[in-house]
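Below: the structure, in structure tokens.
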Amino acid sequence: MSKPLVVIVGAGPGVSTGVARKFGNEGFRVVLAARNADALETYTKELNDIKIEAYSIKADAVDSSSLTSAFEQIKQLYGSPDVLVYNAAVISKATPTKLTETQLLEEFKVNVVGALTSANQVIPNMIEHKKGAILFTGGGLALAPAAELSSLSIGKAGIRSLAFSLSQELQPHGIYVGTVTIAGFVAKGSFYDPDEIADQFWNLYINRSEVEYLYKQD
């Protein structure tokens, strides 16, 4: 039997690579998806260098057709994902009165819509087999919005709501949906170390008892 597959959308140097290392070390194959091909190559090589079976697919989270195409390639090349992790987000500084409609809509596509689009690519197969997991990277801004990060605050509130509503819908089908709400700035060596955060993604996946884990320093 082939190893299970985790797909991480929004691959970057922080949380996503921590999650990739954690799941990879637990026996998963890893597919990283992001729009920067050069960066993807670097992240994939780093995982391969520590004996994790990892691959990359170029995908732009703002573009639904790009995501759909990427998941079609993933299924053809590596099989259907057992776990989806959506980590994509746009971090921009703008107060509500300075935030244009166009900016809000474009960033919402990445912060929330891309998560739903990605989830819809894996849900049918998960329903068919009555198993699977979908995990979202959340943020403390969903609970304590910041005026200077108004777009991301709205986005994190949106993805948190999506996690809870999607969980209600999919739980009867045997599919787990969860989110790690990170209430701080991710930095290596700090309380918000990506490897420590990754452990909580894994704990949610294994335990499947809570929709949300609030990762917050007391």
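The values are calculated or read from the model by the stated rules, or taken from the named source; none is laboratory data. Everything numeric in this text was worked out from a predicted model, so none of it was measured. FYI the Cβ positions are ideal-geometry reconstructions off the backbone, even for glycines, and counts take in every protein chain you see. Note: accessible area is taken over every heavy atom of the protein model, side chains too, but ligands, DNA and RNA are not part of it. Shrake-Rupley method; radii C 1.70, N 1.55, O 1.52, S 1.80 Å.
Can you confirm whether Asp195 is of a type in the set (D, E, K, R), part of a helix (DSSP H, G or I), farther than 23 Å from Leu67 by Cβ and open to solvent by 20 Å² or more (accessible area, probe 1.4 Å)?
On the way: of a type in the set (D, E, K, R): yes; part of a helix (DSSP H, G or I): yes; farther than 23 Å from Leu67 by Cβ: yes; open to solvent by 20 Å² or more (accessible area, probe 1.4 Å): yes.
Yes, satisfied.
Kindly list, by first and then second residue, each pair from a residue in the stretch 1-16 that is touching a residue at least 60 places away in the same chain (Cβ under 8 Å) and at negative phi to a residue that is among the aromatic types (Phe, Trp, Tyr) and in a strand (DSSP E or B), limited to pairs with Cβ atoms under 7 Å and residues at least 6 apart or on different chains.
Listed pairs, sorted by first residue: Val9/Tyr86.
Condition first: under 21 Å from Gly114 (Cα atoms) and among the hydroxyl-bearing types (Ser, Thr, Tyr). Now tell me which residues in the stretch 1-47 satisfy that.
Selection gives Ser16, Thr17.
I need every pair where a residue in the stretch 163-191 that is assigned to a helix (DSSP H, G or I) has its Cβ under 6 Å from the Cβ of a residue that is open to solvent by 50 Å² or more (accessible area, probe 1.4 Å), sequence separation at least 6 or different chains.
As it stands, the answer is His173/Ile127, since those pairs meet every condition given.
Is the stretch 72-93 home to any residue that is out of contact with any strand residue (DSSP E or B) (no Cβ under 9 Å at 6 or more places or on another chain), modelled with pLDDT of 95 or more and closer than 24 Å to Gly184 by Cα? Walk me through how you get there before you give the answer.
Of the residues in the stretch 72-93, the ones out of contact with any strand residue (DSSP E or B) (no Cβ under 9 Å at 6 or more places or on another chain) are 72, 75-76, 90.
Those left that are additionally modelled with pLDDT of 95 or more: 72, 75-76, 90.
Remaining after also requiring closer than 24 Å to Gly184 by Cα: 90.
Yes, that holds for at least one residue.
Which condition from (1) open to solvent by less than 70 Å² (accessible area, probe 1.4 Å); (2) out of contact with any strand residue (DSSP E or B) (no Cβ under 8 Å at 6 or more places or on another chain) is the one that Ser209 breaks?
Result: Ser209 fails condition (1) only.
How many residues does the stretch 114-162 hold that are surrounded by 21 or more Cβ atoms within 10 Å (Cβ to Cβ), assigned to a helix (DSSP H, G or I) and among the hydrophobic types (A, V, I, L, M, F, W, C)?
9
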